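Every number in this text was worked out from the coordinates using simple rules, so none of it is lab data. Keep in mind that this is a model prediction, so the values were computed, not measured. Cβ placement follows ideal geometry from the backbone for every residue including glycine, while neighbour counts extend to all protein chains displayed.
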Amino acid sequence: MSKYAIILLVAGAAGIATSGITGPPPQDLRGGVIASSAHPLPAASGADAVSNEVVAEYCVRCHSERRQVGGLVLEGFDIAEAEQRRPTIEKMIRKLRAGMMPPNGQPRPEPEVIGAMATELEDAMDEIAAHSPDPGRRTFQRLNRAEYARAVKDLLGIDVDVNAFLPLDTKSANFDNIADVQMPSTTVMEGYLRAAGQISRMALGDPDAEVASTIYRIPRVQSQKERVEGAPIGTRGGLSVMHNFPADGKYVFHIMPYAAVEGEVFGRTFGTEQMEVSIDGTRVALLEIDRWMSESEPSGLNIRTDSIYVTAGQKRVSVAFIRQFEGVVDDLIRPIDHTLADGQIGIGLGVTTQQHLQRVTILGPYDITGVSETPARRTVFTCRPTMPEEELPCARGIITRLATRAYRRPALDSDVDGLLAFYEQGAASGGFEKGIRTALQAILASPHFIFRLEGRPADVTAEGIYPVDNMDLASRLSFFVWGSPPDDPLLEAARSGALSSLEELDRQARRMLADPRAEALATRFASQWLRLQDLDLIHPDALTFPYFDQTLADAMLRETELFFDYLVQEDRPVLELLTADYTFVNERLARHYGITGVLGPGFRRVDYPTARRRGLLGHGSILTLTSHPDRTSPVLRGKWVMEVLLGSE
């Protein structure tokens with residue numbers, strides 16, 4: 001697979017945008033002239049075209065004016081009119097290459113004839129595209145959930161859960177970044193406004209924050225036998241999350257374990273357990289779990305810490321059990337990794353069933369004492385006024401820098417002046433810091449941040465074809481490769497005009513692919529293309545498959561992401577998607593596959609010990625998401641292959 005060919009294609013290597021098909025002929029990136037669509041070359045000669053003969057003999061019987069099977073009419077088809085029938089011919093090519101047409105049971109020409117017809121149609125479309133470019137329309141594109149979160153991370157350096165603010169993204173062909181379906185609505189815009197207010201407070205802190213609660217839940221199918229990533233060494237299970245504390249003050253941690261079927265603590269037979277609460281790796285509380293407590297008691301299965309003083313900012317909060325033993329469990333019945341899919345599996349004596357954390361609630365802040373310095377505040381407040389007359393120049397400098405970064409282009413004077421009005425409004429009631437926070441909120445709610453707007457040259461009509469502006473091209477490239485805004489080197493190449501050359505575009509694409517952020521091609525593009533999110537919809541029957549748990553499902557998902565990322569980074573052939581005799585596993589997934597010699601949670605490349613598994617079709621993620629909860633499904637797998645790999649509908 002060429003590491004950058006697809007990048008150049010999707011990002012617009014020729015740098016062309018349009019809102020029509022007429023207008024002055026555009027210049028390409030090397031200064032040449034792209035032929036105008038007003039002078040198309042003939043696609044093919046209709047008299048001796050293979051396509052015309054095959055269509056007339058084999059296709060018209062079903063796709064006639066009278067029958068119109070599949071809503072397609074090919075009666076009177078002539079390849080010489082290919083330019084007027086582009087969508088139809090593209091569909092014909094896909095069906096022919098997939099071997100779907102003519103259908104089984106109907107007269108079919110020889111395979112060589114079908115191949116010649118497909119090639120002829122492809123050549124016709126290539127010729128039309130070369131001499132009559134039609135790059136399509138693109139007025140604007142809205143940042144989806146993932147892009148918005150990454151843009152905030154790039155701007156302020158904090159991780160935010162935008163799912164709490166923004167509605168679900170509309171999808172087209174299973175992708176959530178298709179501009180054609182990103183229709184703005186009142187609900188969507190209210191979500192962005194709500195997000196802007198909350199994120200500005202998270203970034204800069206809020207000394208007036210009200211007491212609130214944040215709940216973190218752990219699914220029943222999550223294994224809690226091993227240490228969770230991010231939790232302190234010597235713990236097992238529980239959770240480890242990045243939580244934002246809005247102000248310096250006291251916070252209470254409310255912990256609830258899972259219950260067994262009769263309301264008692266699950267894992268009561270194991271004995272006494274201890275649970276550690278830590279912040280950024282430092283223990284702040286150690287709680288003993290009363291194994292005799294029950295849901296029927298007035299306090300239920302609720303455990304609370306004392307008030308704990310925590311300074312403002314984003315910190316890693318870990319709540320986990322103290323590990324009491326290592327090694328293989330010698331038991332009457334071999335314990336399973338996920339014991340809570342069915343609450344009655346192994347809850348008696350003689351079977352090791354340890355306690356499981358259900359949820360953690362963080363309450364606060366109480367007794368606020370102020371807002372301490374945080375990395376996000378240091379990122380924003382690059383200057384501090386010491387006198388009243390210094391406030392406005394300092395605010396202008398901060399706002400100009402933030403707006404330039406957020407808008408992915410140099411901030412205009414009109415942009416800064418408009419944002420200063422918000423600053424003055426906030427400063428009038430709460431001083432300099434509140435003014436900056438109000439301006440930051442306006443930046444995060446601005447159409448220039450939420451939408452990827454692209455300008456049209458003043459001398460080009462609304463129907464014209466024109467080269468994409470360098471700054472817009474930088475955003476296209478960055479959001480595709482990284483799923484996030486362009487960095488400083490890419491923006492500098494755009495500002496200087498260097499990005500308009502194919503050589504510089506190639507260099508930037510290669511540089512970006514070598515960056516760790518390019519993993520977004522696997523976690524975003526490949527994940528949606530392969531429909532890996534459907535893995536969350538499959539819940540294998542707990543009694544039939546007791547060893548399937550969320551830990552295994554997560555490992556299956558990560559395997560496929562790492563595999564695709566490896567193909568891109570190592571420039572492997574695209575067919576290796578199906579033929580690779582290797583994969584990436586950790587200990588949990590290796591045990592599921594029967595592969596020995598792999599220990600720990602880290603993933604490593606291994607060769608398959610047998611020829612039973614090859615490529616994507618041997619991945620547990622693909623096999624699971626194309627199955628029913630209690631059995632495999634050849635029909636679902638065939639449908640997935642046809643739609644995802646072959647592009648057939």
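Computed quantities for the displayed model
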read-out: Reachable lysines from Lys225, criterion Cα separation under 27 angstrom, eight or more residues apart if same chain; value: Lys315
read-out: Hz values of 3J(HN,Hα) by residue in segment 541-552 - Karplus curve (6.51, -1.76, 1.60), Gly and Pro given as x; value: 4, 5, 7, 7, 10, x, 8, 8, 9, 5, 4, 5
read-out: Estimated translational D of segment 41-131 in µm²/s (Stokes, Kirkwood radius over Cα pairs; 25 °C; 0.890 mPa s); value: 186 µm²/s
read-out: Using alpha-carbon coordinates, inclination of helix 388-407 to the longest axis of the chain, degrees; value: 50 degrees
read-out: Charge-dipole axis of the chain as Lys and Arg at +1 and Asp and Glu at -1 on Cβ define it, positive-most pick from Ser278, Thr551, Asn586; value: Ser278
read-out: Residue (of Gln508, Leu537, Val188) at the positive-pole extreme of the chain, dipole from beta-carbon charges; value: Leu537
read-out: Relative contact order [Cα under 8 Å, 6+ residues apart], the chain, whole percent; value: 17 percent
read-out: For segment 212-370, size of Cβ-based charge dipole, Lys and Arg +1, Asp and Glu -1, in debye; value: 360 debye
read-out: Listed residue (Ala493, Gly483, Tyr466) projecting farthest to the positive dipole end of segment 458-507, Cβ model; value: Gly483
read-out: Point-to-point label distance, Glu210-Glu463, nm (Cα→Cβ direction, 7 Å offset); value: 5.6 nm
read-out: FRET efficiency, 1/(1 + (r/R0)^6) with R0 35 Å, evaluated for Gln569 and Thr404 via beta carbons; value: 0.65
read-out: Vicinal HN-Hα couplings computed from phi for segment 482-488 (Karplus, 6.51 cos²θ - 1.76 cosθ + 1.60; Hz; Gly/Pro x); value: 9, x, 8, x, x, 8, 4
read-out: Segment 530-645: relative contact order in percent, alpha carbon pairs under 8 Å with at least 6 residues between; value: 31 percent
read-out: Förster radius 22 Å - calculated FRET efficiency between Lys91 and Met183, Cβ distance, rounded to 0.05; value: 0.30
read-out: Cα-centre dipole for segment 41-131 with unit charges at Cβ (Lys and Arg positive, Asp and Glu negative), debye to 20; value: 620 debye
read-out: Net length gained if the chain between Thr579 and Ala428 were fully extended (0.36 nm per residue, minus Cα distance); value: 47.8 nm
read-out: Cα-based helix-to-principal-axis angle, 145-156 vs the chain, degrees rounded to 10; value: 70 degrees
read-out: More than 18 Å apart - percent of Cα-Cα pairs taken over segment 530-645; value: 50 percent
read-out: Positive minus negative residues near Pro457 (Lys, Arg vs Asp, Glu; Cβ under 14 Å); value: -4
read-out: Loop-located chymotrypsin sites (Phe, Trp or Tyr not before Pro) in segment 231-320 whose Cβ has at most 12 other Cβ within 10 Å (DSSP); value: Trp292
read-out: Cysteines not pairable in the chain (beta carbon separation under 4.7 Å absent); value: Cys59, Cys62
read-out: Inter-site label distance for Ala98 and Val69 at 7 Å from Cα along Cβ, in nm; value: 1.5 nm
read-out: Simple Cβ-charge dipole of the chain, Lys/Arg +1 and Asp/Glu -1, about Cα centre, in debye nearest 20; value: 780 debye
read-out: Approximate spin-label separation His592-Val635, in nm, with each point projected 7 Å along Cα-to-Cβ; value: 2.6 nm
read-out: Whichever lysines have a C-alpha closer than 29 Å to that of Lys91, once near sequence neighbours (fewer than 8 apart) are set aside; value: Lys3, Lys171, Lys639
read-out: Within segment 218-251, backbone nitrogen closer than 19 Å to the virtual label 7 Å beyond the Cα of Thr544 toward Cβ; value: 221
read-out: Hz values of 3J(HN,Hα) by residue in segment 616-621 - Karplus curve (6.51, -1.76, 1.60), Gly and Pro given as x; value: 4, 6, x, 6, x, 4
read-out: Segment Arg495-Ser172, length gained on full extension (0.36 nm per residue, minus Cα span); value: 113.0 nm
read-out: Amide H within-cut-off set for Gly313, under 5 Å, with H built and near neighbours excluded; value: Phe245, Ala247
read-out: 5 angstrom amide H check on Gly238, placed H, neighbours 5+ away; value: Phe321, Leu357
